[in-house]
Structures are given as structure tokens and as C-alpha cells.
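The values are calculated or read from the model by the stated rules, or taken from the named source; none is laboratory data. Computed from a predicted model, the values in this text were never measured in an experiment. In this analysis, Cβ positions are derived from the backbone assuming ideal geometry, glycine residues included, and neighbour counts consider all displayed protein chains.
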Amino acid sequence: MSNLSALASDLLLGVLVMLGQEPLDAPRIEVLEPAQLQQRVCGRKCRVFAWYSPEGTIYLDKRLDMKRNIYARSILVHELVHHIQRLRTGHRAQNCGDWSRREHRAYAIQAHWLKVHGVVSHDLRLQARLTLRCRIAPAKS
């Protein structure tokens, strides 16, 4: 198991314990060059550091320093929340309202995780309010 996979498993377990939920398997994680990630998510240059794909893979920007940067780890926590959401519901977000609720929940858990680790981040709640816009393609059958 790679260091990143081990970290993801540990973080996932921590989030599940925090939520009072049963263990789940960690998702597949791929590290990409920034341009590759931006193209995959936005189809052009954009501000994205991580993404949980509809297929259940977490894609991370290779510039994220998971070893030394707690904010980078919190981004992984955020994406792991989406993994939990998908596995618990059995599907990805079905509409704009569902997507928005999932994002707000992921930001809230990310902020709580940071607080537990000694970092108070008001920026996450503000970022959630300022940047959340629905970009959902219809669910594939």
C-alpha cells in the first residue's frame, strides 16, 4: 500500500469515526499534473486541487503536499466525504440541490476536521458560499 493510500485509509477511518459510521474501503487515488486535473474536471484551466469522480476515484493535484500541509490533507478529507456520500446513498448527486447539500456537508466536515487538528478555518464556509454552483451532468444509467 502506498503512503498516499495508507493516509487516505487513515483519514477515511477518522472521518467515519467522527460521523459514527461503520468502516468503508478507501477509494482509488490518482495524482495528476495540474493541467491534467484541470482538463479532466473543467475542460480548461481552472482552480481545482482535487476531484471525486462519478466512478469513485479521487484525483489529486500533484502539488498538494500531504506530508507537510494540513490544508492539503483536509482537501483529501473533503473528497473522502464525497466517497462516503456516494457509497452510503448508492449514487452520485442526482440534482443541483442534492449536489449542493453534499458539498456543504463536505465543507463542514473538512472545517470540523481542521478545527479538531487545531486550525480554525472560516475561509471554507465562505468559499463554499461563494463558489458552489451546480455543474451536474445528468446521471448515467
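Some notes on this structure:
- Members of region 78-110 that are of a type in the set (A, V, I, L, M, F, W, C), over 12 Å from the mean Cα position of the chain (by Cα) and buried (at least 19 other Cβ atoms within 10 Å of the Cβ): ALA93
- Tally, over region 1-29, of residues that are surrounded by fewer than 16 Cβ atoms within 10 Å (Cβ to Cβ) and touching a strand residue (DSSP E or B) at 6+ places or on another chain (Cβ under 7 Å): 2
- Scanning region 111-134 for residues that are within 16 Å of the chain's Cα centre (by Cα) and at pLDDT 85 or above yields a total of 4.
- Checking LEU37 against (1) surrounded by 17 or more Cβ atoms within 10 Å (Cβ to Cβ); (2) at pLDDT below 95, the condition it does not meet: (2)
- Screening ASP61 on (1) among the acidic types (Asp, Glu); (2) exposed (fewer than 14 other Cβ atoms within 10 Å of the Cβ); (3) modelled with pLDDT of 95 or more shows it passes everything except condition (2).
- Residues of region 21-47 that are among the aliphatic types (A, V, I, L, M) and either under 16 Å from LEU11 (Cβ atoms) or not in a helix (DSSP H, G or I) (or both): LEU24, ALA26, ILE29, VAL31, LEU32.
- A Cβ distance below 7 Å, combined with a sequence gap of six or more or placement on separate chains, defines the contacts here; from region 21-36, residues that are of a type in the set (Val, Ile, Thr) reach residues that are surrounded by fewer than 14 Cβ atoms within 10 Å (Cβ to Cβ) in the pairs ILE29/SER5; VAL31/LYS62.
- Contacts under 7 angstrom Cβ, first residue in region 91-120 being touching a residue at least 24 places away in the same chain (Cβ under 8 Å), partner β-branched (Val, Ile, Thr) and part of a loop (DSSP other than H, G, I, E, B), 6 or more apart: ALA93/ILE136; ASN95/ILE136; CYS96/ILE136; TRP99/ILE136
- Inside region 48-86, residues that are in a helix (DSSP H, G or I) and aromatic (Phe, Trp, Tyr) make up a count of 1.
- Taking each residue of region 54-74 that is in contact (Cβ under 8 Å) with a residue 12 or more places away in the chain and over 23 Å from GLY90 (Cα atoms) and looking for partners that are aromatic (Phe, Trp, Tyr) and surrounded by 15 or more Cβ atoms within 10 Å (Cβ to Cβ) with beta-carbon atoms closer than 7 Å, six or more apart or interchain, yields ASP61/PHE49; LEU64/PHE49; SER74/TRP113.
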